[in-house]
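Chemist: The structure that follows is given in the form of structure tokens.
The values are calculated or read from the model by the stated rules, or taken from the named source; none is laboratory data. These numbers come from a predicted model, not from an experiment. Note that each Cβ is placed from the backbone with ideal geometry, even for glycine, and that neighbours are counted across all protein chains shown.
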Amino acid sequence: MMIRLLPIWATTIMFWTTYAQMITFSVEQASTMERSIGDFEIPAGSLTAFFVVAILITLAVYERLIMSLWQKWKGKQGFSSLQRIAIGLFLSTIGMAAAALVEMKRLSVARAFGKTNSTLPITVFYLIPQFFLVGSGEAFMYTGQLDFFITQSPKGMKTMSTGLFLTTLSLGFFFSSFLVSMVKRVTAGSDKQGWVGKNINSGRLDCFYGLLAILSFINFGLYLLCASWYKPKTAKSDLQIENVANGSSAEKC
């Protein structure tokens, strides 16, 4: 029963790989952009607060609007856990595509005003769409994964299934580091810069984001296949398993 969860588990790792880019390279992007509001300068690292804002807005809209409309249309109380995971993966894919487009714009400004310019004349608020899309995806992904692994695991193994869910976060970050290292090694030229390097104004972070968008799209397709093959466990199947277990115990007695 735990093994049958693994295809869904494997196809959710990619989301957290894209999430890792939002709290690393996106913050580095922000450090090169105009962040002033009057006399106040927004710290680059604080832009991750848009994740929290996106999650709060998404959950509020989902609870108050989407669930009621879905119930009237389908007669169901909200999306299933697999559907929420699918929405999270889709939003992260769109978020990476948006990040690639924004980075193309930022690099064009960097080429026009000098790659060594510490602050480019482009507002940091261009980054909001990618933060909001991935943040909204996290709202669906986290709740969907947690619900899926707890409800679909065998009785008495809920803690193990929660740990299985949390490994997707850690493996996503590990895969992110591995991917950055591989891309840097493959794309590095004589200047050792490549797509990603010390100076993002001289790199091609837009190509790296584009690669993540492609990988996320492929992973989304694989997830849809795995989700279509998966047969959710119901309360009835739990009862059948319990009856079989009780029958085996009675025979032993």
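Chemist: Name the residue, out of 140, 131, 175, that is in contact (Cβ under 8 Å) with a residue 12 or more places away in the chain, touching a Lys or Arg at 6+ places or on another chain (Cβ under 7 Å) and aromatic (Phe, Trp, Tyr). Steps first, answer last, please.
Modeler: Numbers: 131 fails: touching a Lys or Arg at 6+ places or on another chain (Cβ under 7 Å); 175 fails: touching a Lys or Arg at 6+ places or on another chain (Cβ under 7 Å).
Every option except 140 fails the conditions.
Chemist: Could you say whether any residue in region 163-171 is more than 27 Å from residue 105 (Cβ to Cβ), out of contact with any Phe, Trp or Tyr (no Cβ under 6 Å at 6 or more places or on another chain), part of a loop (DSSP other than H, G, I, E, B) and among the hydrophobic types (A, V, I, L, M, F, W, C)?
Modeler: no
Chemist: I need the full set of residues from region 199-214 which are at pLDDT 85 or above and part of a loop (DSSP other than H, G, I, E, B), in order please.
Modeler: Selection gives 204 alone.
Chemist: Could you please let me know if residue 113 is surrounded by fewer than 22 Cβ atoms within 10 Å (Cβ to Cβ) and either in contact (Cβ under 8 Å) with a residue 12 or more places away in the chain or hydroxyl-bearing (Ser, Thr, Tyr) (or both)?
Modeler: Against the criterion (surrounded by fewer than 22 Cβ atoms within 10 Å (Cβ to Cβ) and either in contact (Cβ under 8 Å) with a residue 12 or more places away in the chain or hydroxyl-bearing (Ser, Thr, Tyr) (or both)), residue 113 does not qualify.
Chemist: Looking at the structure I just gave you, is residue 87 without any contact (Cβ under 8 Å) to a residue 60 or more places away in the chain and in contact with a Phe, Trp or Tyr (Cβ under 6 Å, 6 or more places away or on another chain)?
Modeler: The answer is yes for residue 87.
Chemist: Turning to a different aspect of this structure: Within region 123-162, count every residue that is in a loop (DSSP other than H, G, I, E, B) and within 22 Å of residue 83 (Cα to Cα). Even if it seems obvious, please write down each step before you answer.
Modeler: Going through region 123-162, the residues in a loop (DSSP other than H, G, I, E, B) turn out to be 152-157.
From what's left, within 22 Å of residue 83 (Cα to Cα): 152-154.
Summing the residues that are in a loop (DSSP other than H, G, I, E, B) and within 22 Å of residue 83 (Cα to Cα) in region 123-162 gives 3.
Chemist: Within region 178-198, is even one residue part of a helix (DSSP H, G or I) and closer than 30 Å to residue 62 by Cβ?
Modeler: No, that holds for no residue.
Chemist: What are the pairs with Cβ atoms under 7 angstrom where one residue, in region 221-233, is modelled with pLDDT under 90 and the other, located anywhere, is not in a helix (DSSP H, G or I)? Sequence gap at least six, or different chains.
Modeler: What qualifies is 232/152; 233/152.
Chemist: Filter region 75-122 down to the residues that are among the β-branched types (Val, Ile, Thr) and outside any helix (DSSP H, G or I), then identify the one that is nearest to the chain's Cα centre (by Cα).
Modeler: 122
Chemist: Only one of these conditions is not met by residue 1: (1) in contact (Cβ under 8 Å) with a residue 40 or more places away in the chain; (2) in a helix (DSSP H, G or I); (3) of a type outside the set (Lys, Arg). Which number is it?
Modeler: (2)
Chemist: Enumerate the pairs (first residue in region 29-44 and outside any loop (DSSP other than H, G, I, E, B); second residue anywhere and of a type in the set (Lys, Arg) and surrounded by 15 or more Cβ atoms within 10 Å (Cβ to Cβ)) with beta-carbon separation below 8 Å, excluding pairs fewer than 6 apart on the same chain, so at least 6 apart or on different chains.
Modeler: Note: pairs meeting the criteria are 29/106; 33/106; 41/35; 44/35.
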